[in-house]
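Shown next, in C-alpha cells, is the structure this report addresses.
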Amino acid sequence: AEPIVLDIDVPRWDQATFMGRLRHFFNITDCRTALLPDSRLDEAKALVEGCRAGSVPPGTTEEQLYYAKKLYDSAFHPDTGDRMNLIGRMSFQVPGGMAITGFMLQFYRTVPAVVFWQWVNQSFNALVNYTNRNAASPITLKQIGIAYATATSTALATAVGLNLYTKRAPPLVARWVPFVAVAAANCVNIPMMRQQEILNGIVVTDENGNKLGHSRKAAVTGITQVIISRITMAAPGMSSSVNITSLLVFMVPAACSLFPQQCSLATSKLEPELRESITSQYGDKVKYVYFNKGL
C-alpha cells in the first residue's frame with residue numbers, strides 16, 4: 001500500500017463557518033479524551049509529528065491519523081506543543097464545570113457558601129485561562145498571583161453584594177446571582193491572566209505563517225472574543241439547574257466556535273508602527289494578519 005499523504009494541520013472541517021468550527025470543537029472537547037493516560041497522548045503526539053515530517057508508520061490509516069490529531073489538539077498547546085495540565089484543558093470543561101456549576105446553583109443562599117464556591121470557580125477559571133492563553137506572551141508568577149487575586153476578589157465582591165441585595169427577591173431572581181458574578185469575574189479574570197498579551201502584543205503572521213511582529217490590538221481583539229465565548233458558555237448552565245450536563249456538553253464547543261481560534265485582522269487596523277513596518281517590508285501585499293486568540 002502506498003504511504004498516506006496528508007497535511008495533518010489542515011482543519012478537517014471548514015473553520016470559516018460556524019458549523020465547521022462546531023464540529024471541530026465537539027471533536028477536541030470530547031471529555032472522554034481527558035481520561036486517557038499521558039502515554040497514550042504522547043503516542044498521538046509522536047504520530048502527528050511523524051506525519052508532519054512525512055514519516056507515517058506502515059499500515060496507519062487516515063482515520064487513525066485524524067484521531068491522533070484529535071488527541072493532540074485536545075491535550076497539547078497550539079503555540080508550544082507542550083502537554084497542558086488536565087484541569088485546564090477544554091476537554092475537562094464538561095466534568096469540571098458541571099460539578100462546580102451544580103454546587104454554585106445548590107448553595108447560593110448563604111454568604112459563606114457563595115464565597116467558597118465562587119472562590120473554587122474562579123480558581124478553576126484562572127487555571128483554564130492560564131492554560132489556554134497565547135503562550136508566546138510569557139507571564140511571571142507574580143503577575144499570575146496578582147491576576148488570580150484580582151479576579152477572585154471581583155467575583156466574591158459581586159456575588160456577595162448581589163446575594164445580600166437579592167435576599168428578599170423571588171428565588172428565580174436570586175438564582176441569577178451566580179451567573180452575574182461569573183460574567184463579571186470573566187471580564188476581569190481573562191484580561192488579567194493574559195495581561196502580557198495586552199501590554200506587549202501577540203505574534204501576528206501572514207497567511208503562510210511568517211512572523212510579522214507583535215500587535216496589542218490583535219491581543220485585545222482575541223481576548224474580547226474569548227470573554228464573550230466564556231460568558232456564553234456559562235449562561236445556560238448558570239441560569240438553569242435543569243440538565244446541566246447536557247447544556248455543558250453542547251455549550252462548551254458551541255461557545256468555542258463563536259470565533260475562529262486562528263483569527264484574522266485587517267492590516268489597516270493594526271498599530272501605526274506595526275502597520276508601517278509591514279508595509280515597508282511587503283508593500284501592500286499583506287492585507288490581513290493572523291494570530292491565535294486562545295480559548
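The values are calculated or read from the model by the stated rules, or taken from the named source; none is laboratory data. Values in this document were obtained by computation on a predicted structure and should not be read as measured data. Counting neighbours? That spans all protein chains shown, and the Cβs are built from the backbone with ideal geometry, glycine included. Ligands, DNA and RNA are excluded from the accessible area calculation, which covers all protein heavy atoms including side chains. Shrake-Rupley method; radii C 1.70, N 1.55, O 1.52, S 1.80 Å.
Structural remarks
- Any hit, region 241-254, residues being open to solvent by less than 50 Å² (accessible area, probe 1.4 Å), among the hydroxyl-bearing types (Ser, Thr, Tyr), under 24 Å from VAL114 (Cα atoms) and modelled with pLDDT under 85: no
- Check on VAL56, open to solvent by less than 90 Å² (accessible area, probe 1.4 Å), in contact with a helix residue (DSSP H, G or I) (Cβ under 7 Å, 6 or more places away or on another chain) and more than 19 Å from PRO78 (Cα to Cα): yes
- Qualifying residue in region 124-143 (condition: open to solvent by 30 Å² or more (accessible area, probe 1.4 Å), closer than 27 Å to CYS256 by Cβ and modelled with pLDDT of 80 or more): yes
- Residue in region 281-293 that is part of a helix (DSSP H, G or I) and either surrounded by 15 or more Cβ atoms within 10 Å (Cβ to Cβ) or at pLDDT 75 or above (or both) present: yes
- Restricting region 181-200 to residues that are more than 30 Å from LEU162 (Cβ to Cβ) and without any contact (Cβ under 8 Å) to a residue 60 or more places away in the chain, the residue that is most open to solvent (accessible area, probe 1.4 Å): LEU199
- Complete set of residues in region 252-295 that are within 28 Å of THR101 (Cα to Cα), out of contact with any strand residue (DSSP E or B) (no Cβ under 8 Å at 6 or more places or on another chain) and of a type outside the set (Val, Ile, Thr): PRO253, ALA254, ALA255, CYS256, SER257, LEU258, PHE259, PRO260, GLY294, LEU295
- Annotation note: Cβ proximity below 6 Å between a residue of region 34-56 that is on the phi < 0 side of the Ramachandran plot and a residue that is of a type in the set (Gly, Ala, Ser) (sequence gap 6+ or interchain) occurs for ALA34/SER91; LEU41/ALA75; ALA44/ALA68; LEU47/ALA68; VAL48/ALA68.
- Any hit, region 15-31, residues being exposed (fewer than 15 other Cβ atoms within 10 Å of the Cβ) and over 20 Å from ALA254 (Cα atoms): no
- Test: residue in region 106-116 that is under 30 Å from PRO170 (Cβ atoms), part of a helix (DSSP H, G or I), open to solvent by less than 40 Å² (accessible area, probe 1.4 Å) and not hydrophobic (A, V, I, L, M, F, W, C): no
- Entry remark, region 89-110: residues being among the aromatic types (Phe, Trp, Tyr) and closer than 15 Å to ASP30 by Cβ number 1 in total.
- Leading residue by the ranking (nearest to HIS24 (Cα to Cα)) among those in region 54-88 that are assigned to a helix (DSSP H, G or I) and of a type in the set (Gly, Ala, Ser): SER74
- Residues of region 27-49 that turn out to be among the hydrophobic types (A, V, I, L, M, F, W, C), assigned to a helix (DSSP H, G or I), modelled with pLDDT of 90 or more and out of contact with any helix residue (DSSP H, G or I) (no Cβ under 6 Å at 6 or more places or on another chain), as a count: 1
- Which numbered condition MET90 fails, given (1) in contact with a helix residue (DSSP H, G or I) (Cβ under 6 Å, 6 or more places away or on another chain); (2) within 30 Å of PHE179 (Cβ to Cβ); (3) open to solvent by less than 20 Å² (accessible area, probe 1.4 Å): (1)
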